[in-house]
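*Asks:* Structure incoming, see below.
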Amino acid sequence: MREFFPKVKKILYKGPKSKDPLSFKHYNPDEKVLGKTMAEHFRFSVCYWHTFKGTGADTFGGPTFIREYNNSSDPMQVAEMTLRAAFEFYTKLGVGFWCFHDRDVAPEGRHLSQTNANLDKIVAMARKLQRDTGVRCLWGTANLFSNRRYLAGAATNPSPHVFAYAAAQVKKAMEVTKELGGAGYVFWGGREGYETLLNTDMKRELDHLGQFLHMAVDYKKKIGFRGQFYIEPKPKEPTKHQYDSDAGACYAFLQKYDLVDDFKLNVEANHATLAGHTFHHELEFAAANGILGSIDANRGDLLLGWDTDQFPTDLYDTTLAMYVLLRYGGFKTGGLNFDAHVRRQSIDPEDLFHAHIGGMDAFARGLKIAANLVRDKALSKFVAARYKGWNTGLGRKIEKWQMDFKKLEKYTLANGEPEVQSGRQELIENVLNEYIK
Ligand code: XLS
Ligand code: CA
Ligand code: CA
């Protein structure tokens, strides 16, 4: 069988002292942390679009990556070679999952039925490769943003014909995700937003989006697809404003349109920072509201205001992400998908491995640190002390709905000024630093 990454053998865990750059120093899939193996905690996934379809192009210049699997003028042959390369990559890296858009894996034909036939052919191959390698599909999705027809959005397009096309595309993408045994299906807004409010009927667009997602839920039930649906928040890019702007906006939208039981969130680190939040904030908000589903792991660059989708290397980020996950019981259907791409200058196929190894090791370190924080109650003891007033007396009565404004006034008049306490922020930051080693 032809190899597309001949210079790389299976990546093994060789421990923190390893000098081999193509080895894991911290990610040891079988090592147990708080009762679960690392592989079970993370459910690592590689994304198809950046990793195998990324070219290194930016707005100032064309492709910089030369890949063997792109070397054909026949788009279906490219699709087949790319799929083989992808499964070689997953196997050598040792990840259990992959994610894809319909249009990443198979090219569009001249009309939808041709496009669907192309997709069917590649999906049949993918099914076989999944069976042969044991690699599973974490989630699938439809690309409703690259084709010219979607320039003004898909479900929120002013044209009902585009709405219909998008529905047909999502219908097919759900069918193939089901066929691949996908554990989930993602709806990322793509171009669901606006460039200017001057030409936009926002209320109508939001209603259409709600209706579109209901149709997806209905169809899911109809075909018996049991994967989890996710919405992926992102505030801007490509549009000036995207309706799914952050976890809070998505939660409000899901509640308003009565979709909250059918969707969870796929939280992406870089989208959090674009929204002016930390990754930690978005995860905590989603988890606290019971809608944390899956994670797109990457990082942005705070000096650049756009979606750079870099590989995660920051131990504070990975630690705090794992700290949220551990406290809320970890992934059920979701996983940790590297929605990240190597930089334009990282042109060698091996750079794809270095990038993923770094991300997986950064999360493995984050998990171990977070587990120590949980075990020692290093942070939670401060939180518990800060809120202890709610466990007894007045606090308990309020939480039990035994008080009202009149009774609270009576209490205040009788008890005078409340005591104030230190928030201990600097002390807690020092404690966290002691654990991040
Ligand atoms: C783009 C998004 C996208 C989704 C899947 O910014 O991250 O890649 O994850 O459509
Ligand atoms: Ca993403
Ligand atoms: Ca992104």
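The values are calculated or read from the model by the stated rules, or taken from the named source; none is laboratory data. Please read these numbers as outputs of a predicted model, since none were measured by experiment. Note that each Cβ is placed from the backbone with ideal geometry, even for glycine, and that neighbours are counted across all protein chains shown. These area figures cover heavy atoms from the full protein model, side chains too; ligands, DNA and RNA do not enter into them. Shrake-Rupley method; radii C 1.70, N 1.55, O 1.52, S 1.80 Å.
*Asks:* Counting only residues 5 or more places away or on other chains, whose amide H sits under 5 Å from the amide H of T333 once H atoms are built in the peptide plane?
*Replies:* Amide H neighbours of T333, under 5 Å, 5+ apart: none.
*Asks:* Moving on. Compute the angle between helix 202-223 and the longest alpha-carbon principal axis of the chain, please, reported from 0 to 90 degrees and rounded to the nearest 10.
*Replies:* In the chain, helix 202-223 runs at an angle near 70 degrees to the longest axis.
*Asks:* Considering amide H positions built from the backbone, and no H for Pro or chain starts, which residues 5 or more places from H241, or on another chain, come under 5 Å of its amide H?
*Replies:* So H241 has HN proximity to Y194.
*Asks:* Still on this structure: Among I398, I369, I66, whose mean-square fluctuation peaks in a Gaussian network model of the chain (Cα, cutoff 10 Å)?
*Replies:* Judging by the Gaussian network model, the answer is I398.
*Asks:* Another question, if that's okay. Quantify, in whole percent, the carbon and sulfur part of the accessible surface of the stretch 327-386 (1.4 Å probe; protein heavy atoms only). Provide the component values of the computation, followed by the final result.
*Replies:* Numbers: 1320 of 2490 Å².
Accessible surface attributable to carbon and sulfur in the stretch 327-386 totals 53 percent.
*Asks:* Turning to a different aspect of this structure: Before rounding to the nearest 500, sum -39500 (n - 2.57) across all DSSP H runs of length at least 4 in the chain and divide by the residue total; then give [θ] at 222 nm in deg cm²/dmol. Before the final figure, lay out the partial values.
*Replies:* Details: 16 runs with 201 residues, N = 437.
Helices in the chain give a 222 nm mean residue ellipticity of -14500 deg cm²/dmol.
*Asks:* At most 15 other Cβ atoms within 10 Å plus a DSSP loop assignment makes a site exposed; report the longest stretch of the chain without any exposed chymotrypsin sites (Phe, Trp or Tyr not before Pro).
*Replies:* On the way: sites that count: F60, W306, Y328, Y387, W401.
Of all site-free stretches, the longest is 61-305.
*Asks:* Does the chain come out rounded, prolate or oblate, given a ≥ b ≥ c as the square roots of the eigenvalues of its C-alpha gyration tensor, rounded meaning a/c under 1.5 and, failing that, prolate meaning a/b above b/c?
*Replies:* Working: a/c = 2.06, a/b = 1.33, b/c = 1.55.
Judged from the Cα gyration tensor, the chain comes out oblate (a/c at least 1.5, b/c at or above a/b).
*Asks:* Given that compact globular proteins tend to follow 2.2 N^0.38 Å, what is the ratio of the alpha-carbon Rg of the stretch 1-155 to that value? Provide the component values of the computation, followed by the final result.
*Replies:* On the way: Rg = 17.8 Å, N = 155, 2.2 N^0.38 = 15.0 Å.
Scaled against compact globular proteins, the figure is 1.19.
*Asks:* Using the alpha-carbon centroid of each, what span in Å lies between the stretch 211-233 and the stretch 379-437?
*Replies:* For the stretch 211-233 versus the stretch 379-437, the Cα centre distance is 41 Å.
*Asks:* Still on this model: With N denoting the number of residues in the stretch 293-437, provide Rg(C-alpha) divided by 2.2 N^0.38 Å, to two decimal places.
*Replies:* On the way: Rg = 21.9 Å, N = 145, 2.2 N^0.38 = 14.6 Å.
For the stretch 293-437, the normalised Cα radius of gyration comes out at 1.50.
*Asks:* Related question: With everything on Cα atoms, drop me the angle between helix 112-133 and the longest principal axis of the chain, reported from 0 to 90° to the nearest 10.
*Replies:* Compared with the principal axis, the helix lies near 70 degrees.
*Asks:* Under the rule of at least 5 residues apart or a separate chain, name every residue whose amide H is placed under 5 Å from the amide H of T64.
*Replies:* Excluding prolines and chain starts, which carry no amide H, the hits are G56, A57.
*Asks:* Give me the one-decimal nm value for the distance between modelled label points at R110 and K221, 7 Å along each residue's Cα-to-Cβ direction.
*Replies:* 4.1 nm
*Asks:* Select from R344, R103, R299 the residue whose mean-square fluctuation is largest in a Gaussian network model of the chain (Cα-Cα springs shorter than 10 Å).
*Replies:* Most flexible of the set in this elastic network: R344.
*Asks:* Would you mind pulling out the separation of the Cα centroids of the stretch 24-99 and the stretch 108-127, in Å?
*Replies:* 21 Å
*Asks:* Does the stretch 216-326 classify as rounded, prolate or oblate by the C-alpha gyration tensor (a ≥ b ≥ c root eigenvalues; a/c under 1.5 gives rounded; else a/b over b/c gives prolate, otherwise oblate)?
*Replies:* Working: a/c = 1.98, a/b = 1.54, b/c = 1.29.
Here the stretch 216-326 falls in the prolate category.
*Asks:* Charges at C-beta only: +1 for Lys and Arg, -1 for Asp and Glu. How large is the resulting dipole of the stretch 311-437 about its Cα centre, in Debye rounded to 20?
*Replies:* Here the size comes out at about 880 debye.
*Asks:* I need the peptides 236-242, 28-34 ranked by packing, meaning the mean over residues of other C-beta atoms within 10 angstrom, with the highest value on top.
*Replies:* Values: 236-242: 17.0, 28-34: 15.0.
Highest to lowest by the protection proxy: 236-242, 28-34.
*Asks:* With springs only between Cα atoms under 10 Å apart, run a GNM on the chain and tell me which of L379, L209, L408 wobbles the most.
*Replies:* L408
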